[in-house]
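Step one of this worksheet: look at the structure below.
The values are calculated or read from the model by the stated rules, or taken from the named source; none is laboratory data. Because the structure is a prediction, the values reported are computed rather than measured. Using ideal geometry, Cβ is built from the backbone for each residue, glycine included, and neighbour counts are taken over all protein chains shown. Surface areas here come from the heavy atoms of the whole protein model, side chains and all, with no ligands, DNA or RNA. Shrake-Rupley method; radii C 1.70, N 1.55, O 1.52, S 1.80 Å.
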Amino acid sequence: MFDSGLRLAAWNRNFEELLDLPDTFLAERPSYAEYFRYLVDRGEYGSADLEAKLSRAVEDTARDMRFERTRPDGRVIEVRRNAVPGGGFVLIYSDVTERKRAEQQIRTARDTAKSALQELKAAQASLLHAQKIAALGQLIAGIAHEIKNPLNFVNNFADLSVELLDELKETAAPAVASLDEDTRAEIDEIVGMLTGNLEKIGEHGRRADGIVKSVLAHSRGASGDWQSIDINALAEEALNLAYHGARAQDQNFNITLEPEFDRSLTPIELVPQDVTRVLLNLFGNGFYAATKKSREMGRHPVLKVTTKDLGESVEIRVHDNGTGIPPEFRAKLFQPFFTTKPTGEGTGLGLSISYDIITQQHGGTIEVDSVFGEFTEFTIHLPRRAQP
């Protein structure tokens, strides 16, 4: 117990170790205020704010006081001053290093548990979402199967009806020729309208049939056998197929192809028809975007395809100088039925199917980089070995 004017005289060994005070200073029998000033000068408190706060506490010995300091050797010392009735106070020095370490371990364990709980909740939400998507996929596949039969009737009877109209025109031609000019013109107009309507029915029926086939393909798992394939030959074949297919649809179609294949690539294991499907889809999208940009800006369309050996994986890049993808569409790009093309020009399933083939079936990755109005580049990484 000390009062404000009492000098510190008696120290036990533990007390000296906690404070780390030299014998010369203790021999001077310092007062409590002198002891505090000595610690301030030695930099024990580390900040002017703490020194000022403790200085005020030193002057008012009737107040309880508690603070901690960390010694250079890492030990944490707790200093408490408790006032006692009748004046004076009791100073208590405690080594609280182990307590602090235990508290830190408890905080770390708590933070780890909190983080694990958040990850568990996220995984649970992801699992529920995956289950919903799987259930939705099964439902859509069932509906697609049911739609396909009546759709086949629509397409077949539309084509048959066009042929019957042609036969009707030939059969009725002598009788029609005997009619007056206005009646013949009216008959020809009606037959022409019927033919046009049937052709439209057939066109949209085939488009609907393509959507149904894509939906069914999207709901299927693996569709072929794993084979050891030369990826350069596969990419080159797909590129030629896509180009000639585009030329067959539009005789005016023209684009510069820039294949840059890594000829040191050795064969890798994959399902060739499915990867070909992915490449055809990417090439077709590149043709579309580059040609559209060419019409708008007069810039010659270019599609660049590169392959690269990355050791345990192979990289394929498909780069076009087309319209690019707006930033707000990036996150939705691989979602089923999302498309940036106008109605009637895309089903919104090509990239979704491609994503599943590359990531789920082959264990690879597919990413997109784009600057709107400048370019789009898809990057595929495929592992060399078949996924178990």
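Here are the numbers for this structure:
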read-out	value
Label-point separation, residue 226 to residue 308 (7 Å along Cα→Cβ), nm	2.6 nm
Relative contact order (%) - criterion: Cα under 8 Å, at least six apart; region: the stretch 249-388	27 percent
Probe 1.4 Å - accessible area at residue 378, Å² to nearest ten	10 Å²
Listed peptides 290-296, 230-236, 313-319, 249-255 by packing density, highest first (mean Cβ within 10 Å)	313-319, 230-236, 290-296, 249-255
Area accessible to solvent at residue 297, 1.4 Å probe radius, in Å²	130 Å²
Rounded accessible area of residue 64 (nearest 10 Å², 1.4 Å probe)	100 Å²
Solvent exposure, largest accessible area first (probe 1.4 Å, DNA, RNA and ligands not counted), of 186, 103	186, 103
